[in-house]
Structure formats: C-alpha cells, structure tokens
1. Which length gain, in nm to one decimal place, applies between Thr47 and Gln65 when the Cα-Cα distance is subtracted from 0.36 nm times their residue separation?
2. Using 0.36 nm per residue, how much length does the chain from Gln14 to Asn115 gain when fully extended, once their Cα-Cα distance is taken away?
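Read the figures in this text as sums done on the coordinates, not as results from a lab. Note that this is a predicted model, so its numbers are computed, not measured.
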Amino acid sequence: MLYESALLEPDELQALPDGESYELVDGHPVEKHMGAESEYIGATLLTLLNNAVRPQQMGYVFGSQTAYRCFPNRSRLVRKPDVSFVARGRFQNEVIPKGDILLAPDLAVEVVSPNDTYEEVEGKVNEYLGAGVRFGLGHQPDVQDDRGPPPRQDRDCSRNYRHAQRRKRGTRASRARSPELFI
C-alpha cells in the first residue's frame, strides 16, 4: 500500500495492515526496501550478535521490524534499524515493550541497500547519534557516490558518540559525517 499523502502519528503507523514495512519520517510513511543481499547481511549480523549476547545475558538483540521512537523533539520519527541491541538493565524490570521501543538502542545497524543514497544513510546516522546510540558498525557493499569510496568500515564509533554528546550539551563541534556507523 502507498501512503504518500497521509500524515500519521506513530500509533497510526502500527495500526496499518502493512505498517511493519514502513518507517515514519516527520509523519510521512517511508517504505523500507531491502534486497536479498541486504537482508542476508542483516540476518547474518543478527545471528552473530545474538550468539554472542545471549549466553552472557548482556541484553537484547532485535531485527528489522523493531521500531524505535527515541528521537528528541521529533515525535513523528520512527526508525527501524535492520539490527539493534539494547543492553541489559535499560528496560524497566527487564520487560521488553510489546510495541515500539522508546529509548535509543546501544547499537543500531542499517544495512545499505541498493536503493539507499549516501545522503539518506548519512541522515539516519545523524538521527541515531542525536538520539544517543552509543556504537555502530559499518560496511557498505558496492556503494560509491561522487564523494569517492566509502570511508573505512568496521570500527569503533566512540569518537562519533562523543561528538553527539557534545552536540547535546551545546558545545560546538564539527558536523558528524559518520556513514561508517551503519551497515
């Protein structure tokens, strides 16, 4: 279904028959498109992460249908990272919410799909950083644009996290360019 002209609230998105296929960007439903390669990469990462997290009871790993409503001053923004992790102790009484998650994940992974543009991925990265996501991974298979090859991938993003924290406190820092955060 297409919802091009509809302006929705997050709860209305959940109620749509195919709402799980959409994110909400400033009230506008945006369909998530993933190809087979992107889905395979996401599923592989989810499996590897879950295999590391569960035996140690470190927290909770979620797939691409999990919605996050954690963006300050943007109540109509709902993102669904392809893989995410929330550390143990962050959910009240360790109870996983039945609907959307209202806190920022500790890790968010966006698998870059063939339909994604550099600007879209960079925008998501900045949204996640602004919400307080602490870590991320990066790998962009066969993605290039006029800026040249993507930056070095698969690295610790704590530098970018610190940048986001400075922005929250109001200190001046250079603009985050962090496509390395997400796959």
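1. Values: separation 18, 0.36 × 18 = 6.48 nm, distance 1.52 nm.
Result: 5.0 nm gained on full extension.
2. Full extension from Gln14 to Asn115 adds 34.0 nm.
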